Amino acid sequence: MIELYNEIPDSCKWQIIRPINKGWSNDQKYYIQTTDGRELLLRISDISQYENKKRDFEAVKQLDDIDILISRPISFGVCNNGQSVYSLLTWIAGKDAEHILPELSSKEQYKLGVKAGEILRIMHQVPAVESQISWSDRFNKKINRNITDYEACGICFEGADKIIEYIEQNRCLLENRPQSFQHGDYHAGNMIVTKSGELGIIDFDRLDYGDPWEEFNRITWCADISTFFASGRINGYFHHKVPVLFFKLMALYIAGNQLSSIPWAIKFGNKEISTMLRQAKNVLEWYDGFETCVPKWYISNPVK
């Protein structure tokens, strides 16, 4: 295994190297502890991913001057005799938010949700790259692909027609939307709660640029764990003054994401298919078959 990383500068000072077997990325991930007690995260990818990983590494560095707790990039390069590319990042010590949230009071869940919303708003201050095409053109292509893939995948669920109908009726909302830096997979599964109660954000592997409000397409995973956390995330993002347009667009993005999740799950087997079908049922219930744009779990007022 040492051949995999021995070309990385200062790897001779790594005292503990422990594989991390979680997440959906194809990267090999390792927890590193150095001889002087520093904790690091090492990600190793195939060399074919060099340009993509370099772009991602440089994109996250745009957050260097922002005062939020994230897994920050340290170094990047080639290793494993030119067969692999590596990214070395800071490690955030703590517990996975998705595991700790159910153990907290509703007030504490809500407070962490507000913090998650505030952090997201800060990240969205980083502008999109100038070469981005219009959001309407880009996302409409994605919608078309999602609908086509769902209809061709061979797995149907009750209410899909209502999801597609909502999408078609609300494509117009995509016009003239702003674009910014996106984490790309922003939910409790990619958040850490430190020993002191601080919220940290990890795993920027799916970062992108686009409508900042699209980042709420995976809030369904947060709502499954804690409606207080999910509500706090929305309220914190908007300083507790949420515009009606946001809910319409969030419903659109959740609808599109839910539809695409079915063909996505097929390659992972029946367990993931069942998970996505269950979530589709939940989403349809939250939105009354998409007759409303505000999900039933949303709490507008802070927890007393």
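Residues checked against (1) touching a strand residue (DSSP E or B) at 6+ places or on another chain (Cβ under 8 Å); (2) not assigned by the TED database to the domain that holds Gly232:
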| position | (1), (2) |
| --- | --- |
| Glu51 | no, yes |
| Arg55 | no, yes |
| Gly77 | yes, yes |
| Gln83 | yes, yes |
| Gly113 | no, no |
| Val129 | yes, no |
| Asp137 | no, no |
| Lys142 | no, no |
*Considering only region 271-297, state which residues are of a type in the set (S, T, N, Q) and either surrounded by 13 or more Cβ atoms within 10 Å (Cβ to Cβ) or in contact (Cβ under 8 Å) with a residue 60 or more places away in the chain (or both).*
Thr275, Gln279, Asn282
*Please find, among Phe181, Phe139, the residue that is part of a strand (DSSP E or B) and either hydrophobic (A, V, I, L, M, F, W, C) or open to solvent by less than 70 Å² (accessible area, probe 1.4 Å) (or both).*
Phe181
*Pairs with Cβ under 9 Å, 6+ apart, first in region 28-45 and not assigned by the TED database to the domain that holds Asn80, second at pLDDT 95 or above*: none
*Residues of region 233-263 that turn out to be without any contact (Cβ under 8 Å) to a residue 60 or more places away in the chain, open to solvent by 10 Å² or more (accessible area, probe 1.4 Å), under 27 Å from Leu101 (Cα atoms) and hydrophobic (A, V, I, L, M, F, W, C), as a count*: 2
*Out of the residues in region 22-51 that are surrounded by 13 or more Cβ atoms within 10 Å (Cβ to Cβ) and of a type in the set (Gly, Ala, Ser), which is farthest from Pro73 (Cα to Cα)?*
Gly23
*Unique residue being under 17 Å from the mean Cα position of the chain (by Cα), at pLDDT 95 or above and open to solvent by 30 Å² or more (accessible area, probe 1.4 Å) when the list is Glu165, Glu175, Glu215, Glu118*: Glu118
*Considering (1) open to solvent by less than 40 Å² (accessible area, probe 1.4 Å); (2) closer than 28 Å to Phe57 by Cβ; (3) part of a helix (DSSP H, G or I), say which one Tyr209 fails and leave the rest.*
(3)
*Give the residue, chosen from Pro73, Pro19, that is loosely packed, with under 13 Cβ neighbours inside 10 Å and in contact with a strand residue (DSSP E or B) (Cβ under 7 Å, 6 or more places away or on another chain).*
Pro19
*How about region 79-92: which of its residues are open to solvent by 50 Å² or more (accessible area, probe 1.4 Å) and more than 19 Å from the chain's Cα centre (by Cα)?*
Asn81, Gln83
*Looking at (1) outside any strand (DSSP E or B); (2) open to solvent by 70 Å² or more (accessible area, probe 1.4 Å); (3) at pLDDT 95 or above; (4) not aromatic (Phe, Trp, Tyr), which is the only condition Ile68 fails?*
(2)
*Which one of Ile92, Ile17 is outside any loop (DSSP other than H, G, I, E, B) and either of a type in the set (Val, Ile, Thr) or in the same structural domain as His183 (by the TED database) (or both)?*
Ile17
*Assess whether Cys156 counts as being open to solvent by 10 Å² or more (accessible area, probe 1.4 Å), without any contact (Cβ under 8 Å) to a residue 24 or more places away in the chain and not in a helix (DSSP H, G or I).*
yes
*Could you please let me know if Ala59 is part of a loop (DSSP other than H, G, I, E, B) and under 21 Å from Leu40 (Cβ atoms)?*
no
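The values are calculated or read from the model by the stated rules, or taken from the named source; none is laboratory data. For clarity, every value in this text was computed on a predicted model and none was experimentally measured. Using ideal geometry, Cβ is built from the backbone for each residue, glycine included, and neighbour counts are taken over all protein chains shown. The area values use the complete protein model at the heavy-atom level, side chains included, leaving out ligands, DNA and RNA. Shrake-Rupley method; radii C 1.70, N 1.55, O 1.52, S 1.80 Å.
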